[in-house]
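Below is one structure; the comments refer to it alone.
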Amino acid sequence: PAHRPSSLLDNLNDEQLAAVTLPAGHALILAGAGSGKTRVLTTRIAWLLQSGQVTPGGILAVTFTNKAAKEMVARLSAMLPYNVRGMWIGTFHGLCNRLLRAHHVAAGLPATFQILDTQDQLSAIKRLCKQYQVDEERFPPKQLGWFIAGCKEEGMRPKDVVASDPDTKKKVELYQLYEDQCQREGVVDFGELMLRSFELLRDDAALRQHYQRRFRFILVDEFQDTNKLQYAWLKQLAGEMVGGRLQSSSSVLAVGDDDQSIYAFRGARVGNMTDFVREFDVQHQIKLEQNYRSFSNILDCANALISHNSQRLGKNLRTNQGAGEPVRVYEAPTDLDEASWMVEEIRNLVRQDGVPRQEIAVLYRSNAQSRVIESKLFNAGVPYRVYGGLRFFERAEIKHALAYLRLLENPHDDTSFMRVVNFPARGIGARSVETLQETARAAGCSLSDAVTAVGGAAGTKLQGFVAKIDVLREETQGKSLRQTIERMLEASGLIDFYLNEKEGQDRIENLKELVNAAESFVTQEGFGKDAIALPIDEHSRADAALTQSPASQGLNPGLPMLDVPLGGTDAETGETLSPLAAFLVHAALEAGDNQAQAGQEAVQLMTVHASKGLEFDVVFIGGLEEGLFPHENAASDKGGLEEERRLMYVAITRARKRLYLSHSQSRMLHGQTRFNLPSRFLDELPEANLKWLTAKQPGFGTFTPKFGGGSAYGNGFRAASGTRSSEVFANPVVPPQKTVPGHGITKGITVFHAKFGEGKVLAVEGTGDDARAQINFPRHGTKWLALAIAKLTIVE
Ligand code: ATP
Ligand code: MG
């Protein structure tokens, strides 16, 4: 092995070492799961700093989740002797937020702009639709939200959208109105954070070049999931495009895995990888082929599964960790049984094998699956923590509380106004609110400013509400964040309201937890007494100088401000956010972190999407059924199916030591009992790496995709083993082809069944929906199949 000058570089293999110590220049690491990509990225940052090639201010690193960013900062803190908290390490959204805060004047935003999460965005759109009497059947607010987000992801403002049909024209018009509304209220949605900061860089050459000079090293994790706009944003920071090539003095390191691209549905482009290599004229491409995460039984499953995909850039993964235990497969009769089994296994793992609870993860394809598992865990008294799902900051009671807090910060935040104007109820009816909205629209002002213009009893009540907020604002001036929140909880009537609610106790607990969340935010971000001064380097001074526009000078009395710790988002320019405003930004950006149970040793529940980049000793993947995983919406086209398979690849590769796979014969989903076939992904795993905990179903391993995935949806064999066909719920998206009546299936002919292969028809009985046939399949024996459900193709 090469000479390793520093202990930082111990525990790296040769390829990793090469990647960590690459000379300046652009580079791509394309490598499979668990091969150390994130480790390389983190170590490279440490190495660059330690070897004096760059100061902390010269690095920009993009991670996929806040959690990953935090972990990276924590690891760097441990490796390096100085404070790395002020570094530009975060998610795209987090970094954009930071850029916009620092240059809010140039970006055309108020200093205290707040962020709308997806829920807020939806309610803002609903409000707009109501105001302009939009037919919500024709233009469902949710779809408008997607339309707007989609436009923004493509970098398009309303004027850039080419609308040829009246529907699109209408949507574009609403997009414009929505933008006006957000601007008026001083709020931005997630898409806007990205687009606005892209435009800021694009249009302000001085600012752009400043950051180009500043960020000597740009590092991007999970590059396969960047979308078009994010890639364009990175290009702005990296240098100037000249003739299709980037003229750049910075070094961009992108790491990713095309097999883990799971956000195509949200506009992610694997094509960014090839574009990157071309446009940046990438000199170094490194592959990492050794997996350090999983035992080979697990890895073999992952490799075998993903080999079924055709659109791959091609990589290998090996491990020398040994085989480990086989992957366990379990079939449950019902989803409830599946969950009970999981909980039983989890308890044994914790009790007998001493596995720490937080080292156990339960992964599922859809959020809806978590409810059953949660209730079983809850009943068994096993602490658990749900990521994704309805997250702490997204719960109704928390949103209500945050709305009050936001009104304290900004009375013109109409979204928050609407949320709580009559919550808890104070006799302000829908009619009064409508009148208020009309008045505000006519006057071109915020709802809060319009209350005085509303007459009658309604006006009095509305003015009372605004006065209440004003008093609260007065009262909490100069108070700590904790005191502010506690006072608000009382004065708003929220606590009293939930005290009188039947199931309000949990909500009160959560509201109290909000106080704790604020408290820990204050300590973490250094707002409190023990604040630690952040390092200031020449970059920060230069950034601040750039922000000295006349408008911001009032707020920012020069450089000494930099010594004041400011909560991360704006530490370097001196723009001050109040602790409350900063906390609200934190709440919007970090909705994924469930503060409530953060400290506890708890089993981790999350969707497969949310598990990206993480690893656990033990992983359960439940609901491996056709229609669920692969998801029914994706199974109809090849691209969709391949994305589902990548998702499964991500899921499998989260496991270090032990992996459980399970499916259930029946499942309640969206109020209906469904009988799904086992997932085709189970068929794609090598038998040698599996251990069946329940008797293996006939037909496994014979799935023939040749005749189209859709044909697996029929539920022939379960119907034949005793279930009446009328009770069988087939997939609603791909309805079973009715081969009856006149199905043409007669005694003596040969038919093909997707699961059982070819077979000879021995007998046909019944008519219409009840028709069934007895068929002899050479490899699976004789079966009765319900013709209304089993999709049979006549071979001869
Ligand atoms: P993913 O694609 O899932 O994001 P990754 O490629 O980013 O995975 P890491 O998370 O960086 O992989 O590494 C996987 C695990 O292997 C981590 O626990 C990491 O600490 C460990 N690891 C990586 N490289 C080495 C090494 N050279 N020696 C020992 N352990 C390593
Ligand atoms: Mg990683």
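Cβ-Cβ under 7 Å, sequence separation 6+ or interchain: first residue in the range 215-230 and in contact (Cβ under 8 Å) with a residue 12 or more places away in the chain, partner more than 11 Å from ligand 2 (Cβ to nearest atom) and aromatic (Phe, Trp, Tyr). Which pairs?
Asp225/Tyr263; Leu229/Phe198; Gln230/Phe92
Please go through the range 280-299 and give me each residue that is of a type in the set (Asp, Glu) and closer than 16 Å to Gly314 by Cα, ordered by number. If you could, list the steps in order and put the result at the bottom.
Of the residues in the range 280-299, the ones of a type in the set (Asp, Glu) are 281, 289.
Of everything in the range 280-299, just one residue is of a type in the set (Asp, Glu) and closer than 16 Å to Gly314 by Cα, namely Glu289.
Of (1) away from ligand 2 (no atom under 14 Å from the Cβ); (2) in contact with a Ser or Thr (Cβ under 9 Å, 6 or more places away or on another chain); (3) over 19 Å from Phe276 (Cβ atoms), Asp14 satisfies all except one. Which?
Only one criterion is unmet by Asp14, namely (2).
Which condition from (1) of a type outside the set (Ser, Thr, Tyr); (2) more than 16 Å from ligand 2 (Cβ to nearest atom); (3) over 20 Å from Gly25 (Cα atoms) is the one that Asp258 breaks?
Failing condition for Asp258: (2).
Would you pick out the residues in the range 60-70 that are more than 12 Å from ligand 2 (Cβ to nearest atom) and polar (S, T, N, Q)?
Answer for the range 60-70, where residues must be more than 12 Å from ligand 2 (Cβ to nearest atom) and polar (S, T, N, Q): just Asn66.
Looking at the range 344-367, which of the residues that are within 20 Å of His609 (Cβ to Cβ) and assigned to a helix (DSSP H, G or I) is modelled with the lowest pLDDT?
Once the filter is applied, the top-ranked residue is Asn367.
If a residue counts only when it is of a type in the set (D, E, K, R) and in contact (Cβ under 8 Å) with a residue 60 or more places away in the chain, which strands (runs of 3 or more DSSP E) contained entirely in the range 611-701 have at least 3 such residues?
Hits in the range 611-701: 655-669.
Scan the range 440-470 for residues that are part of a helix (DSSP H, G or I) and in contact with a helix residue (DSSP H, G or I) (Cβ under 8 Å, 6 or more places away or on another chain) and report the count.
Number satisfying all stated conditions: 19.
Kindly provide the set of residues from the range 766-796 that are surrounded by fewer than 19 Cβ atoms within 10 Å (Cβ to Cβ) and either at pLDDT below 75 or within 20 Å of Asp683 (Cα to Cα) (or both), ordered by number.
Within the range 766-796, Gly766, Thr767, Gly768, Asp769, Asp770, Pro778, Arg779, His780, Gly781, Thr782, Trp784, Glu796 meet the criteria.
Of everything in the range 576-598 that's modelled with pLDDT of 50 or more and of a type in the set (Gly, Ala, Ser), which residue is farthest from Arg385 (Cα to Cα)?
Quick first cut of the range 576-598, residues modelled with pLDDT of 50 or more only: 576-591.
Those still in the list that are of a type in the set (Gly, Ala, Ser) too: 578, 581-582, 587-588, 591.
Details: Ser578: 31, Ala581: 27, Ala582: 25, Ala587: 18, Ala588: 19, Ala591: 14 Å.
In this case the residue turns out to be Ser578.
Of all residues in the range 199-237 being more than 22 Å from Gly57 (Cα to Cα) and among the polar types (S, T, N, Q), which is farthest from ligand 2 (Cβ to nearest atom)?
It comes out as Asn227.
Would you call Ala403 more than 30 Å from Glu438 (Cβ to Cβ), out of contact with any Gly (no Cβ under 9 Å at 6 or more places or on another chain), surrounded by 19 or more Cβ atoms within 10 Å (Cβ to Cβ) and not β-branched (Val, Ile, Thr)? Walk me through it before giving the result.
Working: more than 30 Å from Glu438 (Cβ to Cβ): no; out of contact with any Gly (no Cβ under 9 Å at 6 or more places or on another chain): yes; surrounded by 19 or more Cβ atoms within 10 Å (Cβ to Cβ): yes; not β-branched (Val, Ile, Thr): yes.
For Ala403, the condition - more than 30 Å from Glu438 (Cβ to Cβ), out of contact with any Gly (no Cβ under 9 Å at 6 or more places or on another chain), surrounded by 19 or more Cβ atoms within 10 Å (Cβ to Cβ) and not β-branched (Val, Ile, Thr) - is not met.
Scan the range 311-320 and give yes if some residue there is without any contact (Cβ under 8 Å) to a residue 60 or more places away in the chain, more than 14 Å from ligand 1 (Cβ to nearest atom) and farther than 22 Å from Glu345 by Cβ, otherwise no.
yes
Here's a check for you: in the range 487-504, which residue that is modelled with pLDDT under 85 and among the acidic types (Asp, Glu) is surrounded by the most Cβ atoms within 10 Å (Cβ to Cβ)? It would help to see each step written out before you state the result.
First, pick out the residues of the range 487-504 that are modelled with pLDDT under 85: 501-504.
Still in the list and also among the acidic types (Asp, Glu): 501, 503.
Details: Glu501: 14, Glu503: 7.
Among those residues, the one meeting the criterion is Glu501.
Any residue that is in contact with a Lys or Arg (Cβ under 7 Å, 6 or more places away or on another chain) and within 16 Å of ligand 1 (Cβ to nearest atom) - is there at least one of those in the range 270-287?
Yes, some residue in the range 270-287 is in contact with a Lys or Arg (Cβ under 7 Å, 6 or more places away or on another chain) and within 16 Å of ligand 1 (Cβ to nearest atom).
Testing Val282 on (1) under 25 Å from Ser679 (Cβ atoms); (2) assigned to a loop (DSSP other than H, G, I, E, B); (3) in contact with a Phe, Trp or Tyr (Cβ under 7 Å, 6 or more places away or on another chain), one condition comes back false. Which one is that?
(1)
Name the residue that is surrounded by the most Cβ atoms within 10 Å (Cβ to Cβ), counting only residues in the range 102-147 that are over 19 Å from Pro411 (Cα atoms) and within 18 Å of the chain's Cα centre (by Cα).
So the residue we want is Gly145.
In the range 29-39, is there at least one residue being in contact with a strand residue (DSSP E or B) (Cβ under 7 Å, 6 or more places away or on another chain) and more than 16 Å from ligand 2 (Cβ to nearest atom)?
Checked the range 29-39: no residue is in contact with a strand residue (DSSP E or B) (Cβ under 7 Å, 6 or more places away or on another chain) and more than 16 Å from ligand 2 (Cβ to nearest atom).
Having 2 or more residues that are polar (S, T, N, Q) and surrounded by 19 or more Cβ atoms within 10 Å (Cβ to Cβ) is the bar; report the strands (runs of 3 or more DSSP E) wholly within the range 178-259 that clear it.
Where strands (runs of 3 or more DSSP E) fall fully within the range 178-259, none carries at least 2 residues being polar (S, T, N, Q) and surrounded by 19 or more Cβ atoms within 10 Å (Cβ to Cβ).
In the range 260-274, how many residues are under 22 Å from Ala651 (Cα atoms) and outside any loop (DSSP other than H, G, I, E, B)?
The total comes to 5.
For (1) within 16 Å of ligand 2 (Cβ to nearest atom); (2) touching a residue at least 60 places away in the same chain (Cβ under 8 Å), each residue gets a yes or a no:
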{"residue": "Arg44", "(1), (2)": "yes, yes"}
{"residue": "Leu49", "(1), (2)": "no, no"}
{"residue": "Gly58", "(1), (2)": "no, yes"}
{"residue": "Met72", "(1), (2)": "yes, no"}
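The values are calculated or read from the model by the stated rules, or taken from the named source; none is laboratory data. On a predicted model such as this, the values are computed, not experimentally measured, just so you know. All Cβ positions, even for glycine, are placed from backbone atoms using ideal geometry, and neighbour counts span all protein chains on display.
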